[in-house]
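Have a look at the structure below before the remarks.
The values are calculated or read from the model by the stated rules, or taken from the named source; none is laboratory data. Treat the numbers as computed from the prediction; the structure is a model and nothing was measured. Glycine also receives a Cβ, built like all others from the backbone with ideal geometry; neighbour counts cover every protein chain displayed. Please note that ligands, DNA and RNA were not included when accessible areas were found on the heavy atoms of the full protein model with its side chains. Shrake-Rupley method; radii C 1.70, N 1.55, O 1.52, S 1.80 Å.
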Amino acid sequence: GAVVSQHPSWVICKSGTSVKIECRSLDFQATTMFWYRQFPKQSLMLMATSNEGSKATYEQGVEKDKFLINHASLTLSTLTVTSAHPEDSSFYICSARVGRGFSYEQYFGPGTRLTVT
Amino acid sequence: DAKTTQPPSMDCAEGRAANLPCNHSTISGNEYVYWYRQIHSQGPQYIIHGLKNNETNEMASLIITEDRKSSTLILPHATLRDTAVYYCIVRLPNAGGTSYGKLTFGQGTILTVHP
């Protein structure tokens, strides 16, 4: 159980275009999802926290107008990279929180590799 | 959330136990210790978590010292497929507001399992 999927697994786009990445919880409902970004040979960096039915909370330094997050249902969150540039090329990973209260786990999707040319 | 310190890399022979240490000397009383691993080009995989008691599941064991300032993840019989970056993370259960105890990843330990 607790499977998180992402689509697409990889995408190549031209500079200036927008790209949408989907994150789905397949066998559970997730009120909270998280979006991370990982550059080569670096650790994961949290971009934003997405709560169903409300606006996402962005980490400091992450442009909310560039990285649009929508969490319209309990099983789907989307990240749209608007007007992508080569420096946005990265590995984008979502995760979903399972459980409540003081003990819960986060399960991660397989990631989406974005290459902007 | 408390900061963690892990060795940058470790080696282990296949079939032997892999013991991965983590220091979290500033951990507070209600912070949990979580372990994740990331195999190359994949999303992180949850391994185990605990508060103060030792924990065991089908993947690993987690040993937390009595003062909770350090912990050890044990993979009892390492295989080549256990080669990955292992992350030790300490976090509050609920940070409140919209943060909901977010995970902050450090650099982790690169575990290489040799034949």
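The table that follows gives values for the structure above.
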read-out: Shape call, chain B: gyration tensor on alpha carbons, a/c limit 1.5; value: prolate
read-out: Solvent-accessible heavy-atom area per residue, rounded to whole Å², over chain A at 1.4 Å; value: 49 Å²
read-out: Relative contact order of chain A, pairs being alpha-carbon contacts under 8 Å that are 6 or more residues apart, as %; value: 36 percent
read-out: Spin-label proximity, A:LEU74 to the stretch A:36-58 - amide N less than 14 Å from point 7 Å beyond Cα toward beta carbon; value: A:52-53
read-out: Restricting the stretch A:22-117 to GluC sites (Glu not before Pro) in coil, as DSSP defines it, with at most 11 other Cβ within 10 Å; value: A:GLU63
read-out: Exceeding the 31 Å Cα-Cα cut-off - candidates A:LYS41/B:LYS3; A:LYS41/A:LYS66; A:LYS41/A:LYS64; A:LYS41/B:LYS102; B:LYS52/B:LYS102; A:LYS64/B:LYS52; value: A:LYS64/B:LYS52
read-out: Residue order for B:LYS3, A:LYS66 - accessible surface, 1.4 angstrom probe, largest first; value: B:LYS3, A:LYS66
read-out: Ranked order, A:HIS85, A:HIS71, B:HIS40, B:HIS77 - accessible area, probe 1.4 Å, largest first; value: B:HIS40, B:HIS77, A:HIS85, A:HIS71
read-out: Area accessible to solvent at B:LEU80, 1.4 Å probe radius, in Å²; value: 80 Å²
read-out: Whole-number percent relative contact order across chain B, with pairs defined as alpha carbons under 8 Å at least 6 apart; value: 36 percent
read-out: Separation of the A:TRP10 and B:ILE110 label points, Cα + 7 Å toward Cβ, nm; value: 2.1 nm
read-out: Relative contact order of the stretch A:1-67, defined on C-alpha pairs under 8 angstrom at six or more residues apart (%); value: 22 percent
read-out: Disulfide-incompatible cysteines by the Cβ rule (no partner under 4.7 Å) in the protein assembly as shown; value: A:CYS13, B:CYS12
read-out: Modelled FRET efficiency - R0 41 Å, A:LYS55 with B:SER41, Cβ distances, 0.05 increments; value: 0.85
